[in-house]
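Only one structure is covered here, and it is reproduced in the block below.
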Amino acid sequence: MKVRSLLPTVVLLVAPAALTAQAHDHAGQDAAAGHDHAAIHGAPAAEALPPAALEQISLVEASVAEFASIDAATGSGFRAALGMIPTMGTHWVNRERMRNGAGAELTRPEHLMFSPIDGEERLVGVAFAYQATPGEATPDVFVGESDAWHTHPELSPPGQELTMLHVWFVPSPDGPFAGHNPWLPFWAAGLEPPDAARLADPDDSYRIRALGLALSETVEAAREGVLSRFVESRVDAEPGRERIRSLIPVLDAAQKAGDAAAWNAAADEAVAEWEQIREASLSSIRVPLIRERLTGFYEQMLSGGHGH
C-alpha cells in the first residue's frame with residue numbers, strides 16, 4: 001500500500017502523550033478513488049499553507065531522512081518512549097537534543113515518530129520539544145498561523161513546562177499541524193483511509209475516527225502500547241478483536257467496490273465491538289484520576305481536537 005505525501009514532502013512533529021500523568025492539554029486521501037486532500041474543520045491541508053511554510057517542512061523532512069529506519073534512529077541516540085499510540089504511532093526521543101535544544105532548530109527535531117505502514121515501521125514525522133518557563137513566548141518557527149505549540153506541565157520539573165509543536169509527514173485529514181492523525185490505524189491494519197471530506201459530517205467523523213481506534217485493536221504494537229498499560233488483565237478483548245479483524249476484508253472490498261452502504265455497515269459493526277472493549281477497559285482501571293484522563297485522551301482521538 002503506497003502512502004503519498006501531503007506535499008512532495010510533509011513532516012509530522014508529534015510529542016509523546018503522558019497518559020500516566022495527564023492526557024494532552026491541548027487532507028487525507030482515498031488513494032483508490034483519487035480524491036484530493038481536503039481542509040477539515042478549519043484545519044488547512046498542506047496545499048493551503050504559504051509556500052514558505054511548505055519549504056520549511058521540506059527542510060525538516062530532509063533533516064530526518066537519515067533516520068528513516070528504527071536501526072538508524074537508535075544508532076543516532078533516539079529511544080522509544082511509552083509505546084504505540086493509535087493516532088500518533090511510537091515516539092522516539094533524543095534526550096541529548098532535548099537537553100541542548102530550544103525546540104526551534106528545523107534541522108534538529110528532538111523526537112521522531114514511527115508507525116506501521118505496509119507491514120513495516122515507517123518514519124511518519126518528528127516533534128520539536130523543549131522545556132520552557134510558564135508563560136514564555138514560543139518560537140515563531142513556521143510561516144503562517146496554522147502551527148500551534150502546546151504545553152505539558154506534567155512532563156516537566158517544577159517551574160517549567162514541556163513545550164511542543166506537531167506537523168504531519170503523511171496525509172493528515174485535520175491538517176499538517178494536527179495533534180492526531182486518524183489515518184495511521186487504517187494503514188497499520190492494511191486499509192486505505194476513506195475520503196477525508198466525510199469527516200465534515202459529525203456522524204461520519206465519529207464513525208471513521210472510532211473505526212480507526214477499532215482497527216488499532218487488531219495491530220499487535222497498538223495492543224501493547226500506552227493505552228493498554230492501565231487495563232486489568234481480566235478484561236478479555238480477544239473476541240471483540242477477532243470480530244473486528246474479520247471485518248477488515250469486508251471494509252476493503254466495500255471500499256474498492258465503492259459500496260458506501262456496505263462500508264458503513266461494516267464500520268458500524270467494528271465500532272460497536274470497539275466501544276465494548278473501550279468501556280470494559282476503562283471500567284477495569286482502579287484509579288479514578290487515570291480513568292478520567294484516559295477517557296479524555298480517547299475523546300481527543302475521536303474528535304481530532306487538540307486544545308492548548
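The values are calculated or read from the model by the stated rules, or taken from the named source; none is laboratory data. A quick note: this is a predicted structure, and the numbers were derived from the prediction, not measured. Neighbour counts are summed over all protein chains in view; Cβ atoms, including those assigned to glycine, are modelled from backbone coordinates with ideal geometry.
Tell me, yes or no, whether region 158-171 has at least one residue that is under 16 Å from the mean Cα position of the chain (by Cα) and of a type in the set (Gly, Ala, Ser).
no
For region 214-231, check the following and say yes or no: at least one residue is modelled with pLDDT of 95 or more, within 16 Å of Ser172 (Cα to Cα) and either of a type in the set (Gly, Ala, Ser) or assigned by TED's automatic domain parsing to the domain that holds Leu282 (or both).
No; the residues of region 214-231 include none that is modelled with pLDDT of 95 or more, within 16 Å of Ser172 (Cα to Cα) and either of a type in the set (Gly, Ala, Ser) or assigned by TED's automatic domain parsing to the domain that holds Leu282 (or both).
Part of a helix (DSSP H, G or I) and modelled with pLDDT under 95, is that true of Ala253?
no
Kindly indicate which of Leu184, Leu191 is under 21 Å from Glu121 (Cα atoms), of a type in the set (A, V, I, L, M) and buried (at least 24 other Cβ atoms within 10 Å of the Cβ). Reasoning before the result, please.
Details: Leu191 fails: buried (at least 24 other Cβ atoms within 10 Å of the Cβ).
Among Leu184, Leu191, only Leu184 is under 21 Å from Glu121 (Cα atoms), of a type in the set (A, V, I, L, M) and buried (at least 24 other Cβ atoms within 10 Å of the Cβ).
Does region 194-244 hold any residues that are touching a Leu at 6+ places or on another chain (Cβ under 9 Å), assigned to a helix (DSSP H, G or I), of a type outside the set (A, V, I, L, M) and buried (at least 16 other Cβ atoms within 10 Å of the Cβ), and which are they? Can you show your working first?
Taking region 194-244 as the starting set, the residues that turn out to be touching a Leu at 6+ places or on another chain (Cβ under 9 Å) are 194, 205-206, 208-216, 222, 225-227, 229-231, 244.
Remaining after also requiring assigned to a helix (DSSP H, G or I): 205-206, 208-216, 222, 226-227, 244.
Checking which are of a type outside the set (A, V, I, L, M) leaves us with 205-206, 209, 212, 216.
The answer is Ser205, Arg209, Gly212, Ser216.
So that you can scan it fast, the table gives a plain yes or no per residue for (1) among the acidic types (Asp, Glu); (2) buried (at least 19 other Cβ atoms within 10 Å of the Cβ); (3) more than 26 Å from Leu54 (Cβ to Cβ):
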site: Phe78; (1), (2), (3): no, yes, no
site: Pro86; (1), (2), (3): no, yes, yes
site: Pro109; (1), (2), (3): no, yes, no
site: Ala129; (1), (2), (3): no, yes, no
site: Pro134; (1), (2), (3): no, no, yes
site: Asp140; (1), (2), (3): yes, no, no
site: Trp149; (1), (2), (3): no, yes, no
site: Pro158; (1), (2), (3): no, no, yes
